[in-house]
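Beneath this line is the structure, given in structure tokens, with notes to follow.
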Amino acid sequence: MDTSTNTNNNTRDASPAQEELDPTSDERMKLYLEQQKAEEAERARLTEEWTERLVGKRYIEPKEGEEAPAPEPAEAEAETEAVLDEGSSFSNASLRKPYRVLKGERAVMTMDYCATCLNVRVDDEGLCTGVFFA
């Protein structure tokens, strides 16, 4: 019986040709980490931008059953800029979609993860105290 051959199926010896065809797990991990880093940088940029726009401004809550019509996508950015530059208040129409407004210090929110969702925290008086993406 020849004991020089390995009959264990759990070991995998990849030839140089196979390694060239399949990216190594290290390369995949580097790509993944680069993507995560880029996404985190974009979230940080957006958080800073929306913090400057909203913190300290008063949130105008829509009346019961009243919802502002959604602007066309091309008009949305220009309208958002105009509404936010007008004064010291903002409403749902001036927020980037998707969004959620968390009212009060102990506001309850679902734990669903949406990296693009703008979360706006307002205090009991309606002043914006912070924003975050999650």
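Of everything in region 45-82, what is aliphatic (A, V, I, L, M), modelled with pLDDT under 50 and open to solvent by less than 40 Å² (accessible area, probe 1.4 Å)? Give them in sequence order. Working first, answer last.
Step one: of region 45-82, the residues aliphatic (A, V, I, L, M) are 46, 54-55, 60, 68, 70, 74, 76, 78, 82.
Add one more test, that the residue is modelled with pLDDT under 50, and what stays is 68, 70, 74, 76, 78, 82.
Within region 45-82, just ALA76 meets the criteria.
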Matching residues in region 84-125 - criterion: being at pLDDT 90 or above and polar (S, T, N, Q): SER89, SER91, ASN92, SER94, ASN119
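Tally time: how many residues in region 85-120 are open to solvent by 90 Å² or more (accessible area, probe 1.4 Å) and among the β-branched types (Val, Ile, Thr)?
The initial filter retains those residues of region 85-120 that are open to solvent by 90 Å² or more (accessible area, probe 1.4 Å), namely 85-86, 97, 103, 105-106, 108, 111-113.
Those left that are additionally among the β-branched types (Val, Ile, Thr): 108.
Count: 1.
Here is a check on your reading of the model: is THR129 open to solvent by 20 Å² or more (accessible area, probe 1.4 Å), part of a loop (DSSP other than H, G, I, E, B) and polar (S, T, N, Q)? Even if it seems obvious, please write down each step before you answer.
Working: open to solvent by 20 Å² or more (accessible area, probe 1.4 Å): yes; part of a loop (DSSP other than H, G, I, E, B): no; polar (S, T, N, Q): yes.
No: the conditions fail for THR129.
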Selection count where residues are within 15 Å of ILE60 (Cα to Cα) and not hydroxyl-bearing (Ser, Thr, Tyr), scope region 92-113: 8
Those residues of region 94-113 which are under 15 Å from TRP50 (Cβ atoms) and not in a strand (DSSP E or B), in sequence order: SER94, LEU95, ARG96, LYS97, PRO98
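The values are calculated or read from the model by the stated rules, or taken from the named source; none is laboratory data. No experiment lies behind these values; they were computed from the predicted model shown. Virtual Cβ from ideal backbone geometry, glycine too; neighbours counted across all protein chains shown. The accessibility values were calculated without ligands, DNA or RNA, using every heavy atom of the protein model including side chains. Shrake-Rupley method; radii C 1.70, N 1.55, O 1.52, S 1.80 Å.
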